Structures are given as structure tokens and as C-alpha cells.
Amino acid sequence: MTISTNKTGGVTINIEQKWLRYRFWKGDYDSELLMAFIDELACLGMIENEDNIEAFFPYDKATEIEREIPGILASFSNVTIKYQQDSIVNEDWHLNWQKYFQPIRISPNLAIYPHWQDYRGTEKIQIAIKPGMAFGTGTHPTTQMALRLIEKYIEPVVAVEFYPLQH
């Protein structure tokens, strides 16, 4: 934990949160059974990917989890389950995804781009969006269909800004 003060006397407290992550590679074993065993170990959540299962635990339980995992894996007879353990430090997840969001060219004349980028494409219609939980990034098929209808029926203007409704 770090505590800092600014010029106006305000105080900022940063609490570094860490989690323990285990990745179990899928193989010739019952992955549902493994997930059931893992869930009993104070697991905060799991993600089942195509080739592995990720399980997340409180970092302060590391010693206990490290002691229990080998016994769980040994209960799967005649199978070696490969796994990897690491720790994850808290990040600004709500902002971190933005670095992966790039402009999307819907057609030769229409593109959408995130409002934080300085996009200079060649399309006649360029729409800056502020993606979030309600609107998203513009990759959904229905959004792209609506954008193509905009391109077909709306005349381009210099700039159009939409603001969220105030409640």
C-alpha cells in the first residue's frame, strides 16, 4: 500500500491487490471434475478456455493452495495434468482494454474509431464512438448493419456529437 499527498493536501491511497492464478492445460481427463475440486479451494472464479482452465485465488491463500493442488491432481489416476502458477497484480482493467480497440472500416466510405484516437482515414464518413457496456465497439453484426444503413441514407456532415441522456 502506498499513501501520497498532492499539492492541495488531498490524500491518495493505492492498495496493490494480487491474485494467484493457476492454468491447467486440458487433456485426457474430466475437466468438469477438476473444476469441481478447484472450486472447493476458496477459488474466486474460473475461466474455461479452449485449451486450459484458469482458476483465481486470493494471494494470501497461496501456501494453502500450493499444498492442496498436487493432491487434487494425483487423484486423477494414470493422467498427468500440466499446470502453471503465477500472480496477477491489479490493473486499471476498465481502461486497459482500450489499447486493443482499433478503428474498424465498415466499408470503403465508412469507418468507426474510438474517440481517444486521432484517426485520419480516407473514408468520407468517420464516426468517433465512446464504447462502453451499452454501445460496445461496433463489431456486432447488427451494429454494422445499422452503420451501413446510415451510410446509405444519411448525408455526411462535418461533425455530429451524441451525448448520453442525463437522468
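Give, in nm to one decimal, the length gained when the segment between Gln85 and Glu50 is fully stretched (0.36 nm per residue of separation minus the Cα-Cα distance).
Gain on stretching Gln85 to Glu50: 10.8 nm.
How big is region 16-90 in terms of Cα radius of gyration and Dmax, in angstroms?
Every Cα atom of region 16-90 included, Rg and Dmax give 11.9, 41 Å.
Would you work out the relative contact order for region 52-145, in percent, from Cα pairs under 8 angstrom that are 6 or more residues apart?
16
Which of the trypsin sites (Lys or Arg not before Pro) across region 102-146 are loop residues per DSSP, with 16 or fewer other Cβ within 10 Å?
Arg120, Lys124
With contacts defined as alpha carbon pairs under 8 Å and 6 or more residues apart, what's the relative contact order of region 16-90 in percent?
Reported relative contact order: 52 percent.
What order do you get for Val89, Val79 when you list them from fewest to most C-beta neighbours inside 10 Å?
The fewest-first ordering by Cβ neighbours comes to Val89, Val79.
FYI, it's all coordinate maths here, none of it is from the lab. In this text the structure is predicted, and so the values were computed from the model without any measurement. Please note: Cβ atoms are built from the backbone with ideal geometry, for glycine as well, and neighbour counts cover all protein chains shown.
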